[in-house]
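The values are calculated or read from the model by the stated rules, or taken from the named source; none is laboratory data. The shown structure was predicted, so the numbers you read here are calculated from the model rather than taken from an experiment. Glycine also receives a Cβ, built like all others from the backbone with ideal geometry; neighbour counts cover every protein chain displayed. The accessibility values were calculated without ligands, DNA or RNA, using every heavy atom of the protein model including side chains. Shrake-Rupley method; radii C 1.70, N 1.55, O 1.52, S 1.80 Å.
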Amino acid sequence: MNVIRVTSSCVAAAALIVFAAPLTAQPAVAQPNRTFTVTVTNMAYRPSTLRVHVGDTVTWDFSDTSSAHSVTATQQGTTHDYFDSGTMTGGTYSHTFNQPGTYPYQCNVHTSMGGTIIVG
């Protein structure tokens with residue numbers, strides 16, 4: 001009989017502590033917008049496939065200064081971010097992705113060069 005009272009008292013005390021404690025809302029931790037780099041070199045994009053979040057920026061670094069290249073989206077539409085660096089022989093080009101989706105792209109000078117940005 002005493003065991004039941006002690007157990008009941010312990011359970012009641014634990015419930016009182018748990019439910020009487022004030023609930024504090026934890027602030028949402030926002031993901032900072034990040035920047036990723038794709039290197040354009042040796043007739044290729046490195047990496048050729050990149051996964052990023054909405055709001056992230058991708059910067060293409062045109063390291064292959066011996067040949068002109070571009071970074072041009074191969075899809076265009078209202079639900080896709082369109083991007084086009086134009087033809088470049090050096091420097092960088094950046095684009096911030098504001099919509100989720102899959103964005104294939106290519107070099108308009110060398111159409112065998114291709115890559116994909118996946119935004120989730």
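Every listed requirement among (1) among the β-branched types (Val, Ile, Thr); (2) in contact with a Pro (Cβ under 8 Å, 6 or more places away or on another chain); (3) at pLDDT 95 or above is met by Thr74 save one, (3). Residue count for region 85-111 satisfying the condition of being open to solvent by 20 Å² or more (accessible area, probe 1.4 Å) and in contact (Cβ under 8 Å) with a residue 24 or more places away in the chain: 18. Quick check on my filter: what residues within region 64-84 are under 14 Å from Ala44 (Cα atoms) and either surrounded by 14 or more Cβ atoms within 10 Å (Cβ to Cβ) or out of contact with any Gly (no Cβ under 7 Å at 6 or more places or on another chain) (or both)? Answer for region 64-84, where residues must be under 14 Å from Ala44 (Cα atoms) and either surrounded by 14 or more Cβ atoms within 10 Å (Cβ to Cβ) or out of contact with any Gly (no Cβ under 7 Å at 6 or more places or on another chain) (or both): Asp64, Ser66, Ser67, Ala68, His69, Ser70, Val71, Thr72.
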